[in-house]
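I have placed the structure first, in the form of structure tokens, so that the comments after it can refer back to it.
What follows draws every value from the coordinates through simple rules; no lab data is involved. Small disclaimer: the values here were computed from a predicted structure and weren't measured. Glycine also receives a Cβ, built like all others from the backbone with ideal geometry; neighbour counts cover every protein chain displayed.
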Amino acid sequence: MGKGRYFRKILREGAAPIVDLVYPPRCPACGEGIGEQGGLCASCWEDLAIPTDPSCAACQRPFGSSGVSEGGLCLPCMAKPPLHDGIAAGTLYTETSRKLVLAFKHGGRIAMAPMLARLIAARVPSGSPERLIVPVPLHRWRLWRRGFNQAALLARELEKLGCGTLCVDQLERHKATESLGGKGRREREKVLSGAIALSGKGIWQVQGRDVLLVDDVLTSGATSSTCVKVLKKAGARSVVIACFSRVLDEALDHAA
């Protein structure tokens, strides 16, 4: 640990009692009092659905006790093999994970990033420090209104956890897109057409590299798929999607 990081750690630990006195630690999901900052209460921890094995060899969709053997594929991946090289989701989407995402992204609770990133990192496959960590980009107007890119905050924490090397500006969103909720596949593709591209420096950095693409929530996968296509076209060797929460309602019963 470098001297600068060591002294910052000492300052944080020394200031912790004062911070706890002024801002008593509370669960960001339900508001219940907890023992220390940056955690969850026991009830909310229990409500988190953590994806488990066995799972789809291509997308890590949990199979549960369905009898599918290791290396098997889920029906969606058999019908249309994904372009990505896996999905590392910290949790499946539940009411608690929804509250955490809302508090983090729309409530400005950016101090939650380390906790959310730890859950993601636990599911990220091992890789070399040369792997690039690339956040899904925000359009500049949305970034200006929100004040931060939640995917970039998670990506920064994943770098600290040893998941790779952060490259925060590899991808750029050139077009402000409308919400994709309720749209079909073709409609989503039309909305996202030309919206995301590689930055100037990204062209030579991505070629031949493994990439960890980071976002907060994976719903339909339309945005992440667009990013994967751009990265693969630029010569990325592999692209694994990493997210805090993945919407897979049918898989909730198979999660621990």
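Brief remarks follow.
- With R₀ fixed at 22 Å, the C-beta to C-beta distance from residue 165 to residue 118 puts the FRET efficiency at about 0.75.
- Per-pair calculated FRET efficiency, R0 = 22 Å: residue 50 and residue 106 via Cβ, rounded to 0.05: 0.40
- Scanning residues 5 or more positions from residue 89 or on other chains, those with amide H under 5 Å from its amide H are 243, with H placed 1.01 Å from N in the peptide plane.
- Pairwise centroid distance, computed over Cα atoms, of region 107-126 with region 23-64, Å: 11
- Efficiency of FRET between residue 77 and residue 233 - r from beta-carbon atoms, R0 25 angstrom, step 0.05: 0.75
- Taking 0.36 nm per residue of separation and subtracting the Cα-Cα distance, full extension of the segment from residue 43 to residue 144 would add 32.8 nm.
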